[in-house]
Structures are given as structure tokens and as C-alpha cells.
Amino acid sequence: MNIDILTQEQLVQLDQLISTSQNIIITCHKSPDGDAIGSSLGWAEYLRSRGKEPTVIVPDQYPDFLLWMPNTEKIVRYDKHREKCDMLFKIADLIFCLDYNTPSRVDEMEQALVSSPAQRVLIDHHLDPDVPAVLSISQPEACSTCELVFRIVWQMGGFEQLDKHYAIPIYCGMMTDTGGFLYNSSRSEIYFIIGELLTKHINKDKIYRNVYHNYSESRIRLMGYVMYQKLVYKPEYHAAYYTLTREELKKFNYIKGDAEGLVNIPQQIKGLKLSVSLREDTDKPNLVWVSLRSVDDFPCNQMAEQFFNGGGHLNASGGRLNCSIDEAVEIVENALKAYENKLK
């Protein structure tokens, strides 16, 4: 199967950029998820196989359920080591921008990123990329940035010499960005890639358990609380939503990642087309994080862009609202009315 995605010119350009660079940084978006961390770790492993010593810098904390992946101890958090990271950006000659389409998605790291004298390479699968880069590898149809990293490494002839330290994070990122291969994962290329990753002797069942069966008791109780007391079911729209306030999160000893995947659960309701999560930020007032999941051809990315200052993919998107949680509920209700015809 031909899974090449680079033109010959892009292939030569990328190879030369890597070969001629010494101070390499790999970046991803704020609140990194499995795809952001997985693609960063996998790409770093490939660069090491070429004799480079890249530094993975992430804007802030990532979920505890990703800490088990190989080489996470080498990741540098910008929010904890700003002075060191600023220096690294200043002396960098090559920066890889993974799993984000615009500089604002790295949050407080944006100024260091855009002011760095380094050349930048974008590898991403989100729509409308505007990261200033000498090379942009943007494939919105890809299931994940990890898929793109695999295909690039494969095309560059680097796969054979890599081991499970590369394969594990790549598989993990593909798995988490498709909800365990439940959505955006119907192309045959994805399963060809999985088959090749399995040749590196990874334990895909253990990877699944490490991510999805690795929560605290408090998280399980939070899940039950949301589904029993907070879920608002709107059968007239084939939709559901729920809210989580800062006080409720504190009550359930919330840590980053505890709300991961909750928005997928209402999709088990027969005939449901859209599920929306509204979660207050734990620190900043009047900031509500929005997650949307849909099925079939309902464009939750369009809804996210129109109503929630966000975007994403057809069936998995997100956004943010600068308002109270009650005002956020009103916006959701208005969004459901606006998309009533597409939801029925």
C-alpha cells in the first residue's frame, strides 16, 4: 500500500532541514492530549535515530494517564521552566509544530515560538493552518497527527530501524484521537499502519488499559454524577449536553484529564447525534471549555466555529466561551435551535 504524503520536493526539503539543524525543538498545543504527546514523542524518537537531540516543549500539563509512555520524562513544560524554554527557542534553528494549526494554540508559549529565529515545519491535521512555516504538512483528512508522523517517517525510510519506543506513542495518539478507533477511522491506510506498528512488538491491549483504565476513584464517581444528575437530554434535537462547575470539579478532586472522554458517553443513547460538554476552567473565572462529539455527517466543527470560538473535525471538535456557565447553556440551546434541521 502506498501511504506516501510528501512530494519529492517536500521530501528533499524536510531531509535537508533535519540534516543541517542541530538545535531542534518539537512543540504541540496547550493542554496536550494523546495525539499531541504521542506525535511529539514519536517524532523525537525518529530524530534521535538520525543522531539529533531534540527537545520536546509543551505549553502546560498533560493528563496523568499519558505519563506511562516512553520518554515522557524528557518533556519540558513551558509553564514550569519558562526561562530555560525561552533560551532554547532563541538558539533553536528548527522548530516542529505538531498537532496545532495556529500559533495561538500554544497559549503563553506563542511569543517565544513566533519570535524564534528558527525555521518552522508544521505537521498537523486541523483545518485552515496559518502557522508561519517553511514547510507545511497539513492533511485534515488524517485521523491524527500521529498518522502523519508515521507516514512521513515511513516515506523517509526511517521505520525499520525504530522500535517500540517509537511505535507505542504513535499508536496511542492514533487511538486516542479516534476514541479507540470509533470515529474518523474508516480508511484502510489506518489499519495498514496499525499492522506495521504491531511488528514492533507493542501491546495494544495494554496501551488501551493504560489510557482508558487508569483513572482514580474520584473520576469514576464524577462520571456517574455527570450521567445521573447533570446530563440534559434533548430528544427533539437528538442531542445531549452537561455542565461541570468549578465547585463540582473540586468536590470530585478533579485533576487534568479526569473529564477526558465523558463527552463520548451520551453517544450511547439510541439515535443521539450530538453530545456537548461545558466545563468551567478550574482557575480563570468566566471561562468555559466546550467539547463536541457527533456521529455520521453532523458537522460539529461548524457548530464549534459558529457558536463556541473553536473548530476541529467533523465529528470531534472543541472551543471556549468567555462567559458564565449559565450563559454557556443559553449558547448551547441557541446552537441546537440553529442546527435543528441537521439534527433531525
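The values are calculated or read from the model by the stated rules, or taken from the named source; none is laboratory data. In this text, all values refer to a predicted model and were calculated from it rather than measured experimentally. Using ideal geometry, Cβ is built from the backbone for each residue, glycine included, and neighbour counts are taken over all protein chains shown. For accessibility, only protein heavy atoms count, side chains too; no ligands or nucleic acids. Shrake-Rupley method; radii C 1.70, N 1.55, O 1.52, S 1.80 Å.
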Full-extension gain in nm, residue 67 to residue 82, via 0.36 nm per residue minus C-alpha separation: 3.3 nm
Collect residues whose amide H, placed 1.01 Å from N in the peptide plane, falls under 5 Å from the amide H of residue 323; neighbours closer than 5 in sequence don't count. 287, 288
For region 252-265, Karplus couplings with θ = phi - 60° (6.51, -1.76, 1.60), whole Hz, Gly/Pro x: 9, 6, 4, 10, 4, x, 5, 8, 4, x, 4, 5, 7, 5
In what sequence, largest accessible area first, do 33, 130 appear using a 1.4 Å probe? 130, 33
What ratio of Cα Rg to 2.2 N^0.38 Å holds for region 1-117? 1.06
Can you compute the FRET efficiency between residue 270 and residue 340 using 1/(1 + (r/R0)^6), with r the Cβ-Cβ distance and R0 = 22 Å? Round to the nearest 0.05. 0.70
Springs between alpha-carbon pairs under 10 angstrom, Gaussian network model over the chain: which of 148, 94, 287 fluctuates most? 287
What is the P(r) of region 62-111, as percent of Cα-Cα pairs per 10 Å bin from 0? 19, 50, 30, 1
Semi-axes (Å, rounded, descending) of the ellipsoid equivalent to region 107-255 per its C-alpha gyration tensor are 33, 23, 17
Mean residue ellipticity (222 nm) of the chain, computed from DSSP H runs ≥ 4 via -39,500 (n - 2.57), nearest 500: -11000 deg cm²/dmol
Cα-Cα pairs of region 213-265 separated by more than 12 Å (percent): 65
Skipping prolines and chain starts, which residues have an amide H placed within reach, meaning under 5 Å, of the one on residue 55, given they are 5 or more residues away or on another chain? 24, 25, 26
Value of Rg to Rh for region 75-189 (Rh from inverse mean 1/r over Cα pairs, i.e. Kirkwood): 0.99
Region 193-344: C-alpha gyration tensor shape, a/c 1.5 cut-off, then a/b vs b/c: oblate
Taking GluC sites (Glu not before Pro) as candidate sites, keep only those in a DSSP loop with at most 15 other Cβ atoms within 10 Å, then name the longest stretch of the chain containing none of them. 161-344
Ordering 95-104, 120-129 by per-residue average of other C-beta atoms within 10 angstrom, highest first, gives 95-104, 120-129
How many angstrom lie between the C-alpha centres of region 249-328 and region 122-149? 23
Roughly how big is region 1-80's charge dipole about its Cα centre, with Cβ charges of +1 (Lys, Arg) and -1 (Asp, Glu), in debye to the nearest 20? 260
Hey, what D do you get for region 78-136 in µm²/s if you plug the Kirkwood alpha-carbon radius into Stokes-Einstein at 20 °C and 1.002 mPa s? 184
Beyond 35 Å, how much of the Cα-Cα pair distribution for the chain remains, as a whole percent? 21
For region 260-342, one quarter of the surface area of the C-alpha convex hull, expressed in nm², comes to 5.2
So, with points 7 Å from each Cα along the Cβ direction, the residue 232-residue 104 label distance in nm works out to 2.6
